[in-house]
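The values are calculated or read from the model by the stated rules, or taken from the named source; none is laboratory data. Values in this document were obtained by computation on a predicted structure and should not be read as measured data. Neighbour counts run over all protein chains shown; Cβ positions are idealised from the backbone, glycine included. Quick note on the areas: whole protein, heavy atoms, side chains included, nothing else; ligands and nucleic acids left out. Shrake-Rupley method; radii C 1.70, N 1.55, O 1.52, S 1.80 Å.
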Amino acid sequence: MQRMAWILGVGLLAAGCDEAATTTSASHDTVSSDALSSDASSTTAGVTRGPQKLLLDGDPNGIWWSESRQTLYLADDNNNRILTWQDGSGFGQAFPLLAAPASGSGLGGLVEDWSGKLWVTRFGFGTDGAVLWLAGDGSTGKLANLDVTKRRLGMAIDGAGNVYDSWFIKNGSARIGTVAKLDPAGSETPILTSGLQKPVGLLVKGKYLYVDDQETNAVLRCALPDCKQLENFGNVTTPDLMSDGPGDAVLVASHEGVVVAVRPSVANQVVASGLQEPHGVAYDAKHKRLFIADHDPTSADGETNYLHIVPVD
């Protein structure tokens, strides 16, 4: 299905939205790009493949590369908004989301559906879990009737346009995780209800749905649409969000300061290292580059967060 045009492209400021006060740094003393990456920084025909390190006025969690609009979208947890970045113009607009609850912004995974609407999870800390949306006219809202006690984390979309989220609930000291398929009308259907504790990263690649579990350090997968059998795909220490990668690779961010490529029956390969605490990752297959949202975990105030661009071959 052909995606519809979306008017929130950089340079077209929607009503009620502010310009992002985001600065960039052209520094190339960035994270090292390793196993899948080329040797040197490069910019070809206006496209930056990196490595490049961009300072952010915000704290990105989920990020999404829109192939149709050649735009990167970033869920800024510090300011409860969606930021944009494009080649040539850099960081552009900031689009505020539905007002954050008292528990905080808590933004997580981010996806774009076939109509061009953006969807992002809100963690909620057991009282305000939600799935928010941002439409092409600048309007925003959340799916109605979802259980607010579910601590929502990852998001994914499949080739048929179905959107999924991952969440967990607490039962005493135990965590019970689930992956569900969302209905835009405001309901969800669980498709993975066992074998998960704290599912964070979520991805659909080919016929498989992939999920990583931050509690067990496992990367798992099941075959859609029913996901009857959950199988181990690999292991990553303290995994966070994930993205598609080249070939049969799934790219997973780790709080150990690396992004790794996980493949079937092959040892993990480090794609990027020397990071602080990577959260979101997004792969641009056309230009063979990876975007990494790098969170500074050392300070609650004056955090130094970065967007890294790393070449991936």
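Here ASP244 fulfils each of the conditions (1) acidic (Asp, Glu); (2) open to solvent by 10 Å² or more (accessible area, probe 1.4 Å); (3) farther than 16 Å from LEU72 by Cβ apart from (3). Please indicate, with yes or no, whether at least one residue in the stretch 149-168 is touching a strand residue (DSSP E or B) at 6+ places or on another chain (Cβ under 9 Å), open to solvent by 50 Å² or more (accessible area, probe 1.4 Å), closer than 25 Å to GLU215 by Cα and not in a strand (DSSP E or B). Within the stretch 149-168, one or more residues are touching a strand residue (DSSP E or B) at 6+ places or on another chain (Cβ under 9 Å), open to solvent by 50 Å² or more (accessible area, probe 1.4 Å), closer than 25 Å to GLU215 by Cα and not in a strand (DSSP E or B). Taken together, ALA174, ALA185, ALA144, ALA160 contain a single residue that is modelled with pLDDT under 95 and either in contact with a Gly (Cβ under 6 Å, 6 or more places away or on another chain) or on the phi > 0 side of the Ramachandran plot (or both), which is ALA144. Check the stretch 225-241 and report whether any residue there is open to solvent by 30 Å² or more (accessible area, probe 1.4 Å) and closer than 14 Å to ASN61 by Cα. No, the conditions are met nowhere in the stretch 225-241. Taking residues in the stretch 122-137 that are under 19 Å from LEU182 (Cβ atoms) and touching a residue at least 60 places away in the same chain (Cβ under 8 Å), and partners anywhere that are assigned to a strand (DSSP E or B) and open to solvent by 10 Å² or more (accessible area, probe 1.4 Å), the pairs with Cβ atoms closer than 8 Å and at least 6 places apart or on different chains are LEU134/THR140.
Here's the yes/no breakdown for (1) within 16 Å of the chain's Cα centre (by Cα); (2) surrounded by fewer than 20 Cβ atoms within 10 Å (Cβ to Cβ); (3) over 16 Å from LEU153 (Cα atoms):
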| position | (1), (2), (3) |
| --- | --- |
| GLU67 | yes, yes, yes |
| LEU72 | yes, no, yes |
| THR84 | yes, no, yes |
| ASP87 | no, yes, yes |
| LEU98 | no, yes, yes |
| LYS117 | yes, yes, yes |
| ARG122 | yes, no, no |
| VAL131 | yes, no, no |
| GLY136 | no, yes, yes |
